[in-house]
Amino acid sequence: MSIMNHTEITPAASEAGQVLRALLIMFVLSPLLPACTSDSHGDLVTYVESVKARKAGRIAPLPEVKSYESYQYNQSELRDPFIPAAVDAITDVMGGEGLQPDMQRNREPLEGFPLDTLRFVGHLQQDGRVWAVITAPDSLVYRVVEGNYLGQNFGRISLISESRIDLMEIVPDGLGGWVERDATLALEE
């Protein structure tokens with residue numbers, strides 16, 4: 001009979017060996033652990049401790065919210081809010097009419113150009129009648145008298161002198177109506 005030396009490793013013995021190995025590694029490496037740590041954050045630790053030592057402040061309470069008050073608009077008693085008050089007043093006083101340019105008359109040639117593009121280049125006088133000589137952007141020369149129209153704002157010539165032409169323009173007032181405005185065209189030299 002032969003006797004065989006059979007060694008069986010049980011699972012419990014395997015676990016014990018692993019634990020023993022882990023303890024051995026920790027024992028060998030434990031002297032090296034202090035080398036891995038340093039005190040380079042000492043100032044940060046000190047600052048955190050000083051902040052924690054401060055007395056806590058008091059937060060101001062939230063402001064009180066005012067409650068919303070609704071408003072009922074009764075349109076039958078009040079004016080329309082979408083029409084400016086000045087237009088209502090002008091319409092009431094003038095009865096819907098008022099100053100307006102004559103849109104039915106035939107337009108004159110110089111009404112097709114803005115006033116600042118027209119050049120007053122001279123004047124003519126004969127038998128008490130005065131004419132102004134004007135050049136337009138279309139490179140033509142025009143002769144006008146008092147009562148003729150110039151510019152795009154219904155400007156009517158009220159006076160022609162040696163040095164200027166006086167006009168009365170009718171321009172929109174921004175409120176749906178019209179206003180008169182003085183304008184001058186000076187002699188170009």
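Would you work out the relative contact order for the range 70-189, in percent, from Cα pairs under 8 angstrom that are 6 or more residues apart?
22 percent
Using the beta-carbon distance between ARG181 and GLN126 and R0 = 35 Å, what value does 1/(1 + (r/R0)^6) give for FRET efficiency, to the nearest 0.05?
Efficiency for this residue pair is about 0.65.
Full-extension gain between SER14 and ARG54, please, as 0.36 nm times their residue separation minus the C-alpha to C-alpha distance. Each step should come with its number before you reach the end.
Numbers: separation 40, 0.36 × 40 = 14.40 nm, distance 5.59 nm.
Stretched out fully, the SER14 to ARG54 stretch lengthens by 8.8 nm.
What is the range 70-189 by shape, rounded, prolate or oblate, if you read a ≥ b ≥ c off the alpha carbon gyration tensor as root eigenvalues and call it rounded for a/c under 1.5, prolate for a/b larger than b/c, and oblate otherwise?
Prolate.
Throughout, read-outs are computed from the coordinates displayed, never taken from laboratory work. All figures in this text were calculated on a predicted structure; none of them were measured in a lab. A quick note on method: Cβ atoms are made from the backbone with ideal geometry, for glycine too, and the neighbour counts reach across all protein chains shown.
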